[in-house]
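What follows is a single structure, written as structure tokens, with notes after it.
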Amino acid sequence: QVQLVESGGELVQAGGSLRLSCATSGRTFSNYVMGWFRQAPGKEREFVGLISASGSNTVYTDSVKGRFTISRDNAKNTVYLQMNSLKPEDTAVYYCAAGRYWRFSSAAYDYWGQGTQVTVSS
């Protein structure tokens, strides 16, 4: 089992920045690909980005490229989502997830956090 706890979500003005954290415990963190997903009210959960187990590779959905950065600290068992130039359309509950494979689909991830709310006001 892997337990994940997100933090850092809050209300921010458009153009602002936030850094989300996802602290993990349980099985070896460095074995897992870590993904970030988000879900806005009335919408399906969508892929935001992911980072390889080593941290050497990342990929992002087009809508956040150049604004969001995922990083991880395997010594601290934590993955981060740095969000800059936030837009109202970024408003959602953000989730981190742990999986074994390099996949964009939420179905591929085995463990999930409870989510943290990010609200961007215009």
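The values are calculated or read from the model by the stated rules, or taken from the named source; none is laboratory data. Here the structure is a predicted model, which is why all the values come from computation and not from measurement. Cβ sites come from the backbone with ideal geometry, for glycine too, and all protein chains shown count toward neighbours. Accessible surface is based on the protein model in full, side chains and every heavy atom, while ligands, DNA and RNA are left aside. Shrake-Rupley method; radii C 1.70, N 1.55, O 1.52, S 1.80 Å.
For the reader, a short list of remarks on this structure follows.
- Strands (runs of 3 or more DSSP E) contained entirely in region 32-122, each with at least 1 residues that are free of Cβ contacts under 8 Å to residues at least 60 places away in the same chain and within 16 Å of residue 2 (Cβ to Cβ): 46-51, 68-73, 78-83
- Residues in region 56-74 that are open to solvent by 30 Å² or more (accessible area, probe 1.4 Å), closer than 20 Å to residue 28 by Cα and either among the aliphatic types (A, V, I, L, M) or modelled with pLDDT under 95 (or both): 74 alone.
- Of all residues making up region 82-122, the number that are aromatic (Phe, Trp, Tyr), within 18 Å of residue 65 (Cβ to Cβ), under 13 Å from the mean Cα position of the chain (by Cα) and open to solvent by 40 Å² or more (accessible area, probe 1.4 Å): 1
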